[in-house]
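Some notes on the structure that comes next.
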Amino acid sequence: MLLLKTLIYLIGNTLLIGSIILIIRYFHEKKKKNILFYIKKIIYNFPKLFILNLIVNVSIQIICFIFFFLGIFFFILCLLTLIIFLSKRKNFFDSFLYSTQVVLKNFKIISILILIVLFFKLLILILLHSYAFLSICSIVTVSSIFINLISSVLIIYLFRKYMIKCQK
């Protein structure tokens, strides 16, 4: 059951990240396409994105299991991996190395942003679980919606920051 939940989370997370990155990338290039174009691109890139997302998430979980703060540091280093993978068309390893380079150059800004995002995610979970009149299913649904919304804002911000950095 836990494996199924993890798989569903990874599929949903991959679709969310991939669709946001692709849509922003094509809007940034001033290429207005129809919805079928975006769906085809997401389906075409999904297997590669899923494998990369799986590798990154499993490695972060293993490192967090060993040492929590090292796992958060590794998470921060891997933030731009999917963005670089989709926008620069690099392979898995090159996108991770380039992500590490970019994040280390802007570590102060990105780490503060990630800590704020993690704080808000934790705050949402604490607030929603304190409501006794809500069922577990509704708490999970509402918390997933808010956490995905926060993650979407983070992805948009990081992608825009990365695109501005690339133009300089």
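Worth a mention:
- Residue, nearest to the chain's Cα centre (by Cα), within segment 88-115, restricted to residues that are in contact (Cβ under 8 Å) with a residue 40 or more places away in the chain and open to solvent by less than 30 Å² (accessible area, probe 1.4 Å): I114
- I63 surrounded by 14 or more Cβ atoms within 10 Å (Cβ to Cβ), in a helix (DSSP H, G or I) and in contact (Cβ under 8 Å) with a residue 12 or more places away in the chain: no
- Among the candidates F46, F27, residue that is free of Cβ contacts under 8 Å to residues at least 24 places away in the same chain and surrounded by fewer than 17 Cβ atoms within 10 Å (Cβ to Cβ): F27
- Here the condition is being modelled with pLDDT under 80, closer than 23 Å to K41 by Cβ and among the small types (G, A, S); of S87, S95, S99, it holds for S87 alone.
- Scanning segment 117-138 finds one or more residues that are open to solvent by less than 40 Å² (accessible area, probe 1.4 Å), under 21 Å from V56 (Cβ atoms) and of a type outside the set (D, E, K, R).
- Residues considered: F50, F75. Of these, the only one that is under 15 Å from L22 (Cα atoms), modelled with pLDDT of 80 or more, assigned to a helix (DSSP H, G or I) and under 12 Å from the mean Cα position of the chain (by Cα) is F50.
- Within segment 140-161, considering residues that are open to solvent by less than 70 Å² (accessible area, probe 1.4 Å), farther than 14 Å from I124 by Cβ and aliphatic (A, V, I, L, M), the one nearest to the chain's Cα centre (by Cα): I155
The values are calculated or read from the model by the stated rules, or taken from the named source; none is laboratory data. All figures in this text were calculated on a predicted structure; none of them were measured in a lab. Neighbour counts run over all protein chains shown; Cβ positions are idealised from the backbone, glycine included. Side chains included, ligands, DNA and RNA excluded: accessible areas come from the protein's heavy atoms. Shrake-Rupley method; radii C 1.70, N 1.55, O 1.52, S 1.80 Å.
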